[in-house]
Amino acid sequence: MTTFLLAVHVLAAIVAVGPVTVAASMFPPAARRALADPEDARASAVVQTLHRICRVYAGVGVAVPVFGLATAASLGVLRDGWLIASMILTALAAVVLVVLVLPRQEALAGPGSPASPGATRRLGMHTGLFNLLWATVTVLMIVRPGSTTGV
């Protein structure tokens with residue numbers, strides 16, 4: 001059962017978190033292009049599509065910590081420091097996504113949004129923070145410092 005839980009956890013991370021990190025990273029430059037030419041319907045459609053990808057896959061991404069906790073419980077590592085750090089960083093990444101990234105994307109993706117270059121730069125910074133948190137969690141999941149099964 002542990003192997004199944006781990007496989008679903010890893011697949012969920014790849015399928016859900018991967019698209020969010022890529023689409024969120026693509027969003028600020030796409031928003032700047034749309035801001036530069038408000039009449040460009042294609043640029044606006046790209047921004048709206050990228051926001052939809054982030055929103056939908058963020059919802060699917062809930063499966064990652066759910067299956068991660070189930071896997072950790074089956075391995076008996078729920079009290080390990082690397083896992084606790086990973087859970088805290090995952091929670092922070094979720095907060096950054098839900099509180100800072102998605103609402104700002106929503107504001108910039110809306111028709112006739114009062115976007116500014118400063119808003120897209122701040123969004124880029126928040127997106128970078130989200131991606132950095134997920135990259136750190138990924139490294140912790142691979143290295144597992146202090147784990148008897150780690151490298």
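Please give the FRET efficiency for residue 3 paired with residue 25, using the beta carbon to beta carbon distance and R0 = 35 Å, rounded to the nearest 0.05.
Computed FRET efficiency for residue 3 and residue 25: 0.65.
Find how much the distance from residue 98 to residue 11 grows on full extension, using 0.36 nm per residue of separation minus their present alpha carbon separation; answer in nm with one decimal.
29.1 nm
Go through (i) 11, 32, 25, 15, 11, 5, 1; (ii) 12, 42, 35, 10, 1; (iii) 11, 38, 26, 15, 7, 1 and flag the label whose value is the computed P(r) over Cα pairs in 10 Å bins from 0, in percent for this structure.
From the options (i) 11, 32, 25, 15, 11, 5, 1; (ii) 12, 42, 35, 10, 1; (iii) 11, 38, 26, 15, 7, 1, the structure gives (iii).
For residue 50, tell me the accessible area in Å² from a 1.4 Å probe, rounded to the nearest 10.
10 Å²
Apply 1/(1 + (r/R0)^6) to the Cβ-Cβ distance of residue 60 and residue 33, taking R0 = 25 Å, and write down the FRET efficiency to the nearest 0.05.
Once the sixth-power term is evaluated, E becomes 0.40.
For region 1-55, state the average projected area of the convex hull of the C-alpha atoms over all orientations, rounded to one decimal in nm².
3.8 nm²
Largest first, what is the accessible-area ranking of 125, 26, 87, 1 with a 1.4 Å probe?
Accessible-area ranking of 125, 26, 87, 1, largest first: 1, 125, 26, 87.
Using heavy-atom solvent-accessible surface (probe 1.4 Å) with all chains present, what is the largest-first order of 51, 9?
9, 51
When the solvent-accessible surface of protein heavy atoms is calculated with a 1.4 angstrom probe, in what order do 106, 39 fall, highest first?
The most accessible residue leads, giving 39, 106.
Using label points projected 7 Å from each Cα along Cα→Cβ, tell me how many nm separate residue 52 and residue 138, to one decimal.
Taking the two extended label points, one gets 2.6 nm.
The values are calculated or read from the model by the stated rules, or taken from the named source; none is laboratory data. Keep in mind that what you see is a predicted model, and the values were worked out from it rather than measured. Glycine gets a Cβ as well: all are built from the backbone with ideal geometry, and neighbour counts include every protein chain shown. Ligands, DNA and RNA are excluded from the accessible area calculation, which covers all protein heavy atoms including side chains. Shrake-Rupley method; radii C 1.70, N 1.55, O 1.52, S 1.80 Å.
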